[in-house]
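Here, each number is a calculation from the coordinates, and none is a lab measurement. Being a predicted model, the structure only gives us computed values, none of them experimental. Cβ coordinates were reconstructed from backbone atoms using ideal geometry, including for glycine residues, and neighbour counts include every protein chain displayed.
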Amino acid sequence: MQIPLGNYVVRVRWMVVCVMVLAIWSCVRLGLWQWHKAEQKQEITHALTRHAGAIAVQAQDLRDVAKLDALHLQTVEFRGHYLSQFSFFLDNQVEQGQAGFHVITPLLLNDKQHVVWVDRGWIAGYADHQKVPTITTTQSEQVVKGLFWQQTKKGFRLDKPGKTWQTVQPVIDFAYLREHVPYHFPDVILKLDPTMPEGYLRHWDVPSGQVEKHLGYAYQWFGFAVASLLIGVYQMIEKRA
């Protein structure tokens, strides 16, 4: 297949086209991932500038889509107790240059049917990545306050979710969690308030320059996508005989 182009001709080579499309798709997807991270951090920054009191949320509110939308980025509180058997470590979390985890634990609400997933903060990992830190979790009923975060997009993961419960997970994958946790819950994370007990290091504020950094990475990946297109087309252009 040939496409005339003035004194040149584009000779379509399907192998080149396949490689070019794969490269463009990968770069655009990675660029959108970084763009989404920048948007998330902007939203967190705006939410943390508000000083409204905590909103008491009931279990039935978690089934109301309109209420979930209204609660996004609000400071809320729930009453219940932690289910430590379903705690997991969110991998690849960095604090001041040190690798570690975020501790994620579900809070079972008083109706015994709904849970909300609580991000209890950052904890340092070990040099041996197969080892995980020891955490303590109180089983008694308590009021838990934090920032209500409605997760609209699943994080990018390279592996396939396991069929058994994984103590260390690369992303918060609600579809995977629903396969293993027998309670109802929306795609929501409660970022535990720094004043609350039962937590670890919590810096929910976004450090200066983080938004710009993610936007810079996004533009870089989009640039790679454009470069892949140009290189692919160049490889197929020939001068007319």
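Net charge around Trp221, counting only other residues with Cβ within less than 14 Å of its Cβ (Lys, Arg = +1; Asp, Glu = -1)?
Working: positive: Arg29, Lys37, Lys213; negative: none.
Its environment carries a net charge of +3.
With Cα Rg over 2.2 N^0.38 Å as the read-out, I listed (1) 1.02; (2) 2.18; (3) 1.30; which label goes with the value calculated from this structure?
Recomputing Cα Rg over 2.2 N^0.38 Å here picks out (3).
Which residues' amide hydrogens lie under 5 Å from the amide hydrogen of Glu95, considering only partners 5 or more residues apart or on another chain, with H built in the peptide plane?
Gly100
Identify, among Val9, Phe78, Val57, the residue whose Cα sits farthest towards the positive end of the charge dipole of the chain, taking +1 on the Cβ of Lys and Arg and -1 on the Cβ of Asp and Glu, with the dipole about the Cα centre.
Comparing the listed Cα positions along the dipole, Val9 ranks first.
Where does the charge balance sit around Arg120 when Lys and Arg score +1, Asp and Glu -1, over other residues with C-beta under 10 Å from its C-beta? The partial results should precede the final answer.
Working: positive: Lys191, Arg202; negative: Asp119, Glu198.
Computed value for this residue: 0.
How many nm separate the modelled label positions at Arg79 and Ile3, each set 7 Å beyond the Cα in the direction of the Cβ?
6.6 nm
Using only Cα atoms and rounding to the nearest 10 degrees, what angle (0 to 90) does helix 210-236 make with the longest principal axis of the chain?
The angle comes out near 30 degrees.
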